[in-house]
1. What number goes with the only condition from (1) over 23 Å from B:Leu406 (Cα atoms); (2) in contact with a Lys or Arg (Cβ under 6 Å, 6 or more places away or on another chain) that B:Val470 does not pass?
2. Given the criteria surrounded by fewer than 24 Cβ atoms within 10 Å (Cβ to Cβ), closer than 30 Å to A:Ala169 by Cα and either within 14 Å of another protein chain (Cβ to nearest Cβ) or within 16 Å of ligand 2 (Cβ to nearest atom) (or both), does A:Phe197 qualify?
3. In the range A:176-187, what residues are within 10 Å of ligand 2 (Cβ to nearest atom) and not in a helix (DSSP H, G or I)?
4. How do the helices (runs of 4 or more DSSP H) wholly within the range B:111-216 filter down when requiring 3 or more residues that are free of Cβ contacts under 8 Å to residues at least 60 places away in the same chain: which remain?
5. I'm trying to understand the selection: among the residues of the range A:279-309, which are more than 14 Å from every other protein chain (Cβ to nearest Cβ) and of a type in the set (A, V, I, L, M)?
6. Of all residues in the range B:849-867, which are assigned to a strand (DSSP E or B) and of a type outside the set (Asp, Glu)?
7. Restricting attention to the range A:376-393, report how many residues are away from ligand 1 (no atom under 16 Å from the Cβ) and either within 20 Å of B:Leu61 (Cα to Cα) or surrounded by fewer than 15 Cβ atoms within 10 Å (Cβ to Cβ) (or both).
8. When the residues of the range A:352-372 are filtered to those that are within 7 Å of chain B (Cβ to nearest Cβ) and surrounded by 23 or more Cβ atoms within 10 Å (Cβ to Cβ), which remaining residue is farthest from ligand 2 (Cβ to nearest atom)?
Amino acid sequence: MTDTPMIVSSRWDEPTGHTLDGYRSTGSYTGYAALERALSMSPAELSAEVKGATLLGRGGAGFPAGVKWGFCPPGVWPRYLVVNGDESEPGTYKDRILMERDPHQLIEGCLIAAYAIGCAQVFLYVRGEMAHAQERLAVALNEAYAANLVGKNIMGTDFSVDIVLHWGAGAYIVGEETALIESLEGNRGMPRLKPPFFPAAKGLYMKPTIVNNVETLANLPWLVLNGIEAYTAIGSEASPGTRLVSVSGHVNRPGVFEIPQGTTTYRELFEDDRYCRGIRDGHELKMFIPGGASAPWFFPEQIDLPLEGKVVSGAGSMLGSGAIVVMDETTDAVKACLRIVRFFARESCGKCTPCREGTSWEEKILQRIMDGHGRPSDIDALLDIADNISPGPYPVASHPDAGLEAIPFPPRQTTICPLGPSSVAPITSAIRRFRHEFEAKITKRDLIAVSAGAHS
Amino acid sequence: MSEPPRKPVMTEAIAVTINGKEIEAQKGELLIDAAQRNGTYIPRFCYHPRMTPVGMCRMCLVEVDTGRGPALQPSCMIECAPNMVVDTESDNVRKAQDGVLEFLLINHPLDCPVCDKGGECPLQDQTMAYGPGESRWVEEKRHYTKPIAISETVYLDRERCILCDRCTRFADEVAGDPLIHFMDRGAATQVNTFPGEPFSSYFSGNVVQICPVGALTAKPYRFKARPWDLEQVESTCQGCSVGCRITVESSRDRLLRYNGVDSDPVNWGWLCDKGRFGFEAINSEDRLSGPLVRSGDALVPAHWNDALGAAAAAITSGLSTGGGAGAVAVLGGARLTNESAYAWAKLAKGVIGTDNVDAQLGDGLPADVVLGLPTATIDEVCTPGGVILYLGPDPKEELPVLFLRLKHAVERDGAKLVEVVPARTGLSRWATATVTYPPGEAASVVAALLDGSADLDQAAVAALAGATNVTVVLGRPSLAESAASIVDAAAAIVAARPEARFLSGLRRSNVMGALDAGLAPGMLPGRVRRADAHDHYTSAWGGGLPESDGLDAHGILTAAAEGRIDTLILVGADPISDFPDRALAERGIAGARTVIAIDTFLTESSRRADIVLAAAAFGEVSGTTTNIEGRVSRLAQKVTAPGTARADWAIVIDLAARLGRHLGVSNVEDIAAEMARLAPSWANVTAEFLAASGHEDGVVLPLPVSETVAHSEVPEAEATAEPEPDAAEPDADVVVVEAPRVLPPLVSFVAPTPTTIPSPDAYGFRLVVNRTMYDRGVLLSNSPSSSGLADAATARMNPVDLETLGLVTGAAVKLIAGDRSIVLPSRSDAGVPKGTVVVPHHRSESGPTTLISADHQVCDVRIEVAS
Amino acid sequence: MARFTQQNEAMARDIVTRYPRAKSATIPLCHLAQEQDGYLAEDAMVHVAELVGITPAEVMGTASFYEMFKLHPVGKFVVNVCTNISCQLVGGEELLDHASSTLGIRPGGTTADGMFTLEDVECIAACTEAPACQVNYRYFHQVSNDQFDDLIAELRAGSRSDVPAHGTLGKVRQTLPSDQIANVTPPEQQSEPVWIRRHRESAEAAAAAAPTGGVSA
Ligand SMILES: Cc1cc2nc3c(=O)[nH]c(=O)nc-3n(C[C@H](O)[C@H](O)[C@H](O)COP(=O)(O)O)c2cc1C
Ligand code: SF4
Ligand code: FES
């Protein structure tokens, strides 16, 4: 990874990178120097800098952070910053590393954001299952409080802010920002409706709240130290900087990589020596999920697309959380589809009818097909149930051989949040492309002898 | 789910297009409501106009175009905005609604034939109207063990539940008792209680009513009837004086169910459980079904003819004793309809000629105070941003739905509420401030508060300081504290805030109607003083009226105890259990030569009567009733009274005849017409007027008639027939008043000379006797579902006091007042101030009223450790 | 198994002070109870309810939503094998089957000696290190069947000090003594932060001084 710019991953291999001393003495920049610079600027100047750098959100939606901060209604106080460290999207593994290996980078990012937005409190919401990350952050926060980097009159200025470490208890949906807020209020993590509950206006305790992903905030120290120009010099114009991608599945070298945003293609990522070094030995790419389990699938035709938000959504999927799951020809499309649908069925919060009932119905039908009890009407039933969750044409990649055009992202929804519609992604993706696999299981009762599991 | 749409808040009228038709909506109004108000009903399950919308069920999805093309949006969450274009019937909408219904049905048991809700089930109805024909579901449905009792009265069948969040939202945001909750997640989500902690809310029955399927059922109604067998009429609950509107539903001449009606000024569709399940007492086997007369130690059934004859003879002989008309006294009347109350007033004051008449049993406030203070309606008290001074009993226990309204006003509408009470109440959690006072000192505490005293809770002082819109809820906080001390507090409020307006906090069902009808000493029908109206009624009724003000309940019972009352008539009154001084009530009843009781049950008092006349109860008589606001609404007859029990007014007419006088009326209509003609506060409130459209919620007395016109000369020619509440011209409210053309003036409050309260004895405690929703009173004891709900009596004391006595919660204590004492378990309660002890009324015969002397302003007790 | 010990109650009260509203401490307190007892007992939920000022039904409503809260006793070690897509592709289901036979229980079950509970879980964010599992929320990456068996043997033998008993998450907690907390008050008591006000006022002053137009800072 030598010639890749290291904005957020520069201390991952430093044994002391997670300590305050290590943060100050290792990595691609000096820890807490950015905070000092930030405090010398006005909050407005700082926000302008972040906005000017087009720091895109890394949690999934890819919304520019600086623009989001600007949505807080003027004159309404307090404002809260909530850090989304709930990382649970299948395929995604990046925020955990950031928290475990470089906690001070995240803390400094929080401080910079809090100063710019005007937050008196920051809640760092870490996924419940990540005990090690919680521990590392707790130690780092204790160090930072002791060093007057957090708390009252930080670095002797009039800037005071608390960062409270909080953790969840296991529920994927809590990654959705309004569910995260509900959870932080001590409730069941069920999403709120947007409108009217846009967090920037009515968030935590109904007060203006900015929810940002861990990686988004981790970019801030480097960005503030190096400035807009240095940041935008990396990546594409629409998507500057780098981003972390986690590539898993059937590649020779799965891993988390920091790549320039917007310019790197999937092919480079899969094949380049710096990255995954090819599809696993002797196998061919069958399909890949370009942005987490919620994303519609891509196929070999899409491999030359760059990891650029607009391009990917135009092609029928999304960059999402930067989670790329690669599947070779040994993969059973129905089985993979069932596994992802089962995930959404299990993780549906149950608040809205179509998702609560629809996802578990989808799972039951798919399970039945897998078990050899499929009925011919099941495929249409699946598609129609999907249509009742996400009405109208569902985003899907083009299939030139079959003369099918791409349907761009995002999908429509009868649900409250995108979780329900996400369950449709594997269904429409798999059925449109591999209908024959479903039919084979249904009509021939022929359990195609494909294991989605075997090591190569 | 026939809930009416939310009343729009008038902001700015805007045009919205629904299905091609332009309608007028208010900016910010929810689309689902605006559509319904304009004739387009959008199907829904989770939306309830009286609760926060949650947008969960997704049934109300419609296509909304705000300029960026049509998109499916939940109409229960979308606020109307200018130029919005809405389609509620497009193919996309149909498809989405079909989809939602199918999703709801896949796990629904479809056991409609055995479900209580079958026939009135929104899920069933909407499936017929909007649903897909056939089910594609071949998987196994969700299963739960059969119904679980989530409380004493409510069952939950989780299989039928569609997770609309109505019951759980109600429990949390309306009732304030979040004891049922969603549990688990996703498709496994269920509504449940915490183990061992049932949904014991005073308002639990409402969840049965608002459940859009048959998941929640009420024990008293389960499997009793099918909706299509039920007949219903609208009426007004008589469980307490709030006057919630209800439907009275029966089948085969038996009451089976009451449901709340959404009356905007009063109950918003809610009922308390005591009211909702009150029909059980009416159906009770123990109801009196015919007259009884004493034969030795026993009361034996008699013919009406004989019983009425005996009663008339007793009255006649009473009149012939040396005491004159005053030797006959009438206690009670709050159970009556307005018309029966008026008939009793006419009989007592016009025929018998006694003014020893009192509808209250020493547990209320003097009639001239209740009727004479400037009044406020519930809506006025609950005005958003208003300031409320609450001086009365625990509203959650005694005026439950008023409690809901007050809670809502404070919690959601920004009203400030300052409680001045002897101990914290069920409302204290929401109150801006709760100021506790030692019994007897309400007046001085209120005066100091309004004066901005630095010694008191500053939040309370700040809330009241400079508020120009103070409304006051005024009732009797404790039976052990005299009415006089509360009257003094009212006087202090009037002195400090002359503009303050009052809402009565008296609890007994139609006490307001009874007082209005003149069933109080010194009063005559129509909210007028006896002295002012003597001539008016003399000419209208033909003479014989009392010449001086009579005795109240305390005076009557004292006189009876001293042998000065010959004939004591108890009209639905049970002084032995209800009068604060039990010993005096017992002596009074023993001291009267003849006691005549007119009642629906044998009570502690009527058991000791000589003649018992069986009366028809609620649901068995029609007429009108008056709530705490002075709001008159209609009561409907739905079933026939048991046996030969008769309506009170009919008994009165008969008694009058036997006393040699024709009352001049022969049915409810006649009485109502006479009241509208003669009784000043009733001017123009005729049966037709009440039946007119727009008056479904009743009308508040007196009608807004300019006093000079209504209560002095009304030139007949200028009078118009029908007042128009909304008319711009105040003159439009002028009413027809037939002869006599000059009506006496309505009573107004005159502050009495303040009473002196003894200072507390340093070692003693001041007793507070409060009422609770569930007690061991006659009505509840006759309601199978509620009879077990009264908790055991305890003496609640401040933890510090308890500790000083060296006791822990549960230890038995002896409360001693003079030579009387009772023993109770103690209970530590930080909501009770030091030096005060709170004991609930109506648990057993040796209750706290055995300690109280009606001659004292307060009741001081010593507390000892009981051996 | 029950209410908080005195020491834990003190910690619970301290945690509550970190939040503008007490109810926000519900999940952290449930974790604390689970750390104390190994699972979330009913009495503990009642105690949590008292400490944050809600009803036990509300605590249970919240707790039962989340996977990690075990409302019934579980094994000393909860073994979570991920079978979600990234793991499934490289052997997650096989690892689960293997775990099942090693432990002699099905997913969801607990061994008779109360040592292990096995769970088939969703993605645990170790996708590039698949197949992965957790024991009491400690990660094990790229786990082979043999490695799994060794791990179980060590846990059984009590030789894995890196894996605390079920319920314990981070072994170090954030310490936030109340005198270090800068500014935790209920939202309605908060106002414009000082540094924001300072910059706003100086920007306004600058704008007032420059009559030709707004200088925005
Ligand atoms: C079902 C669902 C799950 C999500 N999970 C996560 C998550 O685990 N982590 C995350 O940062 N964002 C997640 N998001 C996105 C958040 O809602 C939110 O957009 C994000 O945290 C904003 O941060 P950003 O602007 O910095 O990207 C999820 C969204 C949805 C709909
Ligand atoms: S779409 Fe699913 S996860 Fe999202 S709110 Fe609805 S039920 Fe909950
Ligand atoms: S009524 Fe609108 S979503 Fe349920």
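1. Here B:Val470 meets the rest and fails (1).
2. In short, yes.
3. Here is the first cut: in the range A:176-187, the residues within 10 Å of ligand 2 (Cβ to nearest atom) are A:176, A:178-179.
Hit for the range A:176-187 is A:Glu176, nothing else.
4. Numbers: elements: B:122-130, B:166-169, B:205-210.
Because the criterion is at least 3 residues that are free of Cβ contacts under 8 Å to residues at least 60 places away in the same chain, the helices (runs of 4 or more DSSP H) in the range B:111-216 that meet it are B:122-130.
5. A:Ile303, A:Leu305, A:Leu307
6. Of all residues in the range B:849-867, those assigned to a strand (DSSP E or B) come to B:858, B:860-865.
Within the range B:849-867, B:Val858, B:Val861, B:Arg862, B:Ile863, B:Val865 qualify.
7. Here is the first cut: in the range A:376-393, the ones away from ligand 1 (no atom under 16 Å from the Cβ) are A:376-388, A:391-393.
Then keep just the ones that are either within 20 Å of B:Leu61 (Cα to Cα) or surrounded by fewer than 15 Cβ atoms within 10 Å (Cβ to Cβ) (or both); that gives A:376-377, A:380, A:384-388, A:391-393.
The number of residues fulfilling the criteria is 11.
8. Keep residues of the range A:352-372 that are within 7 Å of chain B (Cβ to nearest Cβ), which gives A:352-354, A:356-358, A:360-361, A:364.
Among the residues that remain, those that are also surrounded by 23 or more Cβ atoms within 10 Å (Cβ to Cβ) are: A:352-354, A:356-358, A:360-361.
Details: A:Cys352: 3, A:Thr353: 8, A:Pro354: 7, A:Arg356: 5, A:Glu357: 9, A:Gly358: 9, A:Ser360: 11, A:Trp361: 13 Å.
Selected residue: A:Trp361.
The values are calculated or read from the model by the stated rules, or taken from the named source; none is laboratory data. Just so you know, these numbers come straight off a predicted model, no measurement behind them. Virtual Cβ from ideal backbone geometry, glycine too; neighbours counted across all protein chains shown.
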